[in-house]
1. Hey, could you pull the Cα Rg and Dmax for region 325-402, both in Å?
2. Taking every pair of Cα atoms in region 121-249, average 1/r, invert it to obtain the Kirkwood radius, and report Rg/Rh to two decimals.
3. ³J(HN,Hα) across region 241-257 via Karplus (A = 6.51, B = -1.76, C = 1.60, θ = phi - 60°), whole Hz, x for Gly/Pro?
4. For the chain, modelled as a GNM with alpha-carbon contacts under 10 angstrom, which of GLY309, GLY209, GLY291 fluctuates the most?
5. Counting pairs of alpha carbon atoms under 8 Å apart in space and at least six apart in sequence, what relative contact order in percent does region 325-402 give?
6. Heavy atoms only, probe 1.4 Å: what % of the accessible area of the chain goes to carbon and sulfur, would you let me know?
7. For a Förster distance of 56 Å, can you work out the FRET efficiency between the beta-carbons of ALA227 and GLU393, rounded to the nearest 0.05?
8. Kindly report, to the nearest 10 Å², the accessible surface of ILE18 as traced by a 1.4 Å probe over protein heavy atoms only.
Amino acid sequence: MDIEIKIERNIMYDYLIIGNGIAGLSATEEIRKKDPQGKILIVSEEKPSTYWRTRLSDLISKDFTEEEIFVKKHSWYDDRKIEERLFTKVEKIDPEKRIAYLAGGEEIEFKKALIATGARAFVPPITNIDSKGVFAIRTVDDLRSFKEYVANKKEVVVIGGGILGLEAAFSAKKLGLEITVIESFDYLLARQLDRELSEKLESKLNELGIKTITGKNTAEILTKDGAVCGVKLADGTEISADAIMVQAGVRSNIKIAQDSGLETDRGVVVNDHLETAHEGIFAAGDCAQIGQFTIGLWTSSQEMGKIAGHNMTGDSESYKQPKPFSTLMLGDIKLFSAGMNSGEGIEEERIEKEDKIYKLFKKEDSYVGGILWGDIMYQNDVKNIVFNGKALEETKLGTEIFGK
């Protein structure tokens, strides 16, 4: 018996959200708050609904179900009459005709659209980087594939010693794997830490059984029978490995925007209101570029999505670029960093108490950065001092630690 499948075409939606990362979800939530009746459709290439991507590194060493990592339960979408089309690809949109073209030929009409396609893992052009056993974990599917592959393996090399790389290395170590982290910069977390605290961090990681190699570039993935068996560094050093995890940053997903005739650079170019040059077409999250900047941070994407959602319903709110700060917590390792910690004319103020270190960095008469090691309870004080110009003596960090 033949069953006819009818595909509805040219459905008109008030709001089309392309991508279901945190930016897309935040925009959807704000739209629904301001417009209870507007017809909303989320279209995403990923299979699951929006999940906590920030937990992927931690989940390397844990069993989980998709339900556990969803940001919102399915009932949340149903209760708010928000439609989802998952595992569905938007090829391009026509900004003038307000039509979205899906893979397979379906067309969807919309009044306003948000491009929130996020970013993909950057995989550097290393020889044999496409070999079996090389992973760049950016999605739940990536995570599951890696966990399955290393189930009976022993040695893993992590290329990239940034925060995500170190979090992934720490989690993979819990699986009983032998871990080596390779970082091309001279020391770990060079953007977040000064050399002293970076070397302290490296020593702590080594004590945990995580090997570290800094100031070295990976030249080649070594293979045997088509699968990873090690890496060769630029200086000729060879390191054995059964699998490789690449944590070398991200690149914005801009193909839909490019194919749609929108202005792109490193990201989809938008103004301070997160709107493209085409009225009613917005972009937010990792794929959006404001001025010269793309910002690959979960919290920034969440805020951008919220503001884009506001503006899609008629508001005119501006997005203010966030100030750079980072937190790393790996077992007993706890550190926080904000602003600048090096450069011409920067002076350091340092207090050490037992195994805790507190640093502030000053240029001329202003504090421009700070690092907390072992005690991060004063992180809001550091942010207020560095980013908002609050006087040190007006904070608990100043009175309780620096004796101001």
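1. My reading of the Cα-based Rg and Dmax gives 11.7, 37 Å.
2. Values: Rg = 13.7 Å, Rh = 14.6 Å.
My calculation of the ratio gives 0.94.
3. 7, 8, 7, 10, 10, 9, 10, 10, x, 10, 10, 5, 8, 10, 4, 4, 5
4. Of the options given, GLY291 has the highest mean-square fluctuation.
5. Relative contact order comes out at 26 percent.
6. Working: 8990 of 19980 Å².
C and S fraction of accessible area: 45 percent.
7. Values: r = 60 Å, r/R0 = 1.07.
Efficiency, rounded to the nearest 0.05: 0.40.
8. 10
The values are calculated or read from the model by the stated rules, or taken from the named source; none is laboratory data. No experiment lies behind these values; they were computed from the predicted model shown. No Cβ is skipped: glycine too gets one built from the backbone with ideal geometry, and neighbour counts run over all protein chains shown. Remember, those area values only see protein heavy atoms, side chains included, never the ligands or the DNA or RNA. Shrake-Rupley method; radii C 1.70, N 1.55, O 1.52, S 1.80 Å.
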